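Every read-out reported here was derived from the displayed coordinates using simple, explicitly stated rules and does not represent laboratory data. These figures come from a predicted structure and were not determined experimentally. Ideal geometry is used to build each Cβ from the backbone, glycine not excepted, and the neighbour counts take in all protein chains shown.
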Amino acid sequence: MSHNYILKQIGNIDLVKQLNSAVVYRIIDQNDPISRIHISEQSQLAPASVTKITRQLLERGLIKEVAQQASTGGRRPISIISEHHIFHSIGVRLSRRDYTLVLYALNGKMLAEAHSPFTLTRNRSTRNRKSFNCRH
């Protein structure tokens, strides 16, 4: 086997892992609270894979375990929900005359927005100082 073939295979494996993690997170986000076994059924991933992925998502703070569900025999499943308030993203829109800043929660909910025109002084563009605070 060539060196390039091995590198491509490793790259493909990493991509599959990232895609599987994204699928698991999306299922949790859209269906929370949800158990690992239900995630496995919906994603068609092996239960061991789901456990490994959820462990990584827990370590990163993207999800959390909240409660045990009623048992249907055997070990009681643990409910998992996504965490939205810990992580945020910022959207920026710039035009020739103004700018808009928007703060979003991880679930896409807009938390704050600031809009301001640019002001021109002696052929130098400066911006008005504007900030916004987000309170939970």
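Just a few scattered comments:
- Distance between the pseudo-spin-label points of Arg55 and Phe118 (7 Å out from Cα toward the beta carbon): 5.1 nm.
- Taking other C-beta atoms within 10 Å as the exposure proxy, His88, His38 rank His88, His38 from fewest upward.
- Residues Leu111 and Gln18, FRET efficiency given R0 of 22 Å [Cβ-Cβ distance, rounded to 0.05]: 0.25
- The label point for His85 and the one for Gln44, both projected 7 Å from the Cα toward the Cβ, are 3.7 nm apart.
- Sequence-distant residues sharing a close amide H with Ala112 (under 5 Å, placed H): Leu103
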